[in-house]
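Trainee: Can you read through this structure? Questions will come right after.
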C-alpha cells in the first residue's frame, strides 16, 4: 500500500517542510506520476510528488517564464 493512502493526514499538515515532504514520498513507485499530476493542478494543497505547495508554485512560475 502507498504510504499516502495509509496516513493521508501526514501529507496535508500545515507548514510541512520540504525535507519532510521529500521523506514522506521517498521510494514511492508513483512519485513521477504524482508530481506531474500536482504540477498540472495549482489548486492542490499538501504534499504531492515529494513537493510542498510552495515548491510546486516555484516550478510552475519557472516553467511559465521559459
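Values quoted throughout were computed directly from the atomic coordinates according to the rules given, and no laboratory measurement underlies them. Quick caveat: nothing in here was measured; it's all calculated off a predicted structure. Neighbour counts are summed over all protein chains in view; Cβ atoms, including those assigned to glycine, are modelled from backbone coordinates with ideal geometry.
Trainee: Quick one, what does Rg over Rh come out to for the chain if you take C-alpha atoms and the Kirkwood Rh? Spell out each step's value before the answer.
Mentor: On the way: Rg = 11.5 Å, Rh = 12.0 Å.
Computed over Cα atoms, the ratio is 0.96.
Trainee: Using packing as a proxy for protection, rank 46-59, 21-34, 4-17 so that the peptide with the highest average count of other Cβ atoms within 10 Å comes first.
Mentor: Output ranking for 46-59, 21-34, 4-17: 46-59, 21-34, 4-17.
Trainee: What FRET efficiency comes out for residue 36 versus residue 10 if R0 is 22 angstrom and r is the Cβ-Cβ distance? Round to the nearest 0.05. Spell out each step's value before the answer.
Mentor: Numbers: r = 21 Å, r/R0 = 0.97.
That pair, residue 36 with residue 10, gives E of 0.55.
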